1. Using only alpha carbon pairs under 8 Å that are at least six residues apart, calculate the relative contact order of region 42-166 and give it in whole percent.
2. For the chain, calculate the relative contact order in percent as a whole number, restricting contacts to Cα pairs under 8 Å that are 6 or more residues apart.
3. Arranged from highest to lowest average of other beta-carbon atoms within 10 Å per residue, in what order do the peptides 58-70, 159-171, 125-137, 92-104 appear?
4. Starting from the residue with the highest accessible area, list Asp229, Asp285 in decreasing order, probe 1.4 Å.
5. Take every DSSP beta bridge whose two residues both sit in the chain, then give the antiparallel share in percent to the nearest 5.
6. Please give the per residue volume of the convex hull enclosing the alpha carbon atoms of the chain, rounded to a whole number of Å³.
7. How would Asp50, Asp190, Asp306 line up by accessible area, probe 1.4 Å, largest first?
8. State the percent of C-alpha pairs, over all pairs in region 3-143, separated by a distance greater than 23 angstrom.
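The values are calculated or read from the model by the stated rules, or taken from the named source; none is laboratory data. None of these values were measured; they are calculated from a predicted model. As a convention, Cβ positions derive from the backbone with ideal geometry for all residues, glycine included, and neighbour counts pool all protein chains shown. Remember, those area values only see protein heavy atoms, side chains included, never the ligands or the DNA or RNA. Shrake-Rupley method; radii C 1.70, N 1.55, O 1.52, S 1.80 Å.
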Amino acid sequence: MAVLKHSVLTINSGSSSIKASLFSADGARRNFRYERVHDQREAFDQLLHDLEGDMPELVGHRFVHGGDIVDPARRVDAAERCRLEELIHLAPLHLPGNLLGLDLCLQRFNAPQVVCFDTAFHATMLELAKRLPIPNELGLRRFGFHGLNYAYIAKMLAGVLGDVAYKKVVVAHLGSGASLCLMENLKSVDTTMGYTPAGGIPMGTRSGDLDPGVMLELAKRYNPEQLSDMVFQQMGLMALSAGESSEMNELLSSNSENAQFAVDYFCRQVRAAIGGFAAKAGGIDALVFTGGIGEHSAEVREKICDSLAFLGITLDKTANRAGKNEIGLAGCKPVLIVPADEEVMIRNLCLSVCP
């Protein structure tokens with residue numbers, strides 16, 4: 001195993017769960033996960049207990065939004081903490097939990113804290129992808145998200161795909177939050193999410209892109225707080241299934257028409273995004289699935305790929321159902337499953353900021 005200069009604790013602190021990994025200086029790794037968290041303080045106290053005295057020398061945090069900066073990571077000082085507070089309106093579902101996790105770690109660990117941004121990987125996007133069709137002086141643009149995992153995937157692809165990795169590759173990060181990224185030369189050139197993590201394809205409780213007229217109409221019916229709650233908590237799969245569930249595995253196991261409709265709608269929109277990237281790029285050379293749904297749902301992968309033969313993408317259905325890493329049919333373009341590992345990227349960024 002590789003020897004690190006410092007032990008690093010990585011934190012992915014959300015609204016209802018906390019994931020952590022401790023990378024020891026000898027290269028060992030311990031993973032911790034706390035689900036359905038109602039009090040983050042209790043969860044961090046449990047993490048302290050579970051660490052069994054192994055205290056990190058660096059603590060790295062996943063932050064969904066970094067604002068306008070292009071730095072992939074920053075060490076936290078008072079000025080940076082204040083700057084992060086001002087970004088909450090850009091990701092109200094995620095940043096409050098991210099910030100609380102940071103503050104609790106500042107209290108509990110005598111170690112430098114580093115924040116790592118999901119938006120930074122998309123700094124290389126084409127200007128055609130960054131711009132919104134609104135007056136530029138408004139200062140609003142597309143940022144893109146899930147960048148820590150996209151950066152990890154990009155790092156892994158060369159060893160899996162060889163020269164194809166540097167061509168036109170679409171990565172589908174599908175989970176309760178979902179987006180797709182078009183990469184060329186292992187860099188982001190376009191992505192489906194936009195100014196906030198609410199845009200793009202439908203997600204568990206987020207709608208993805210909507211006709212602006214729909215938002216104008218909703219703004220007449222609800223006050224800003226109600227509308228914000230609706231946008232981030234009541235749309236997407238939850239709404240499409242008529243409130244049955246926002247969880248893809250529950251919808252797949254259901255026999256209801258509403259659940260089937262939600263699944264079909266989601267897969268159709270993912271196909272549309274893949275086709276859209278292919279049209280923009282003049283074709284694609286490989287497709288990668290990652291994230292909770294992308295990695296674990298053979299049925300969703302099959303539904304998405306069934307109509308993509310015109311792009312040279314056809315699944316080996318036996319390999320797909322077995323969850324193999326390579327699931328494309330021989331002679332067709334590569335289709336891969338690459339498990340997400342944002343924690344490795346956070347560790348690497350921490351060591352680059354605090355060598």
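1. It rounds to 30 percent for region 42-166.
2. On the way: 686 pairs, mean separation 53.1, N = 355.
The normalised contact order for the chain reaches 15 percent.
3. Working: 58-70: 21.4, 159-171: 17.3, 125-137: 11.4, 92-104: 19.6.
Result, highest mean first: 58-70, 92-104, 159-171, 125-137.
4. On the way: Asp229 75, Asp285 45 Å².
So, going from the largest accessible area down, we get Asp229, Asp285.
5. Details: 28 of 45 bridges.
In the chain, DSSP labels about 60 percent of beta bridges as antiparallel.
6. Working: hull volume 54.3 nm³, N = 355.
With only Cα atoms used, the chain gives 153 Å³ per residue.
7. Details: Asp50 40, Asp190 10, Asp306 95 Å².
So, going from the largest accessible area down, we get Asp306, Asp50, Asp190.
8. Details: 3889 of 9870 pairs.
Pairs farther apart than 23 Å: 39 percent.
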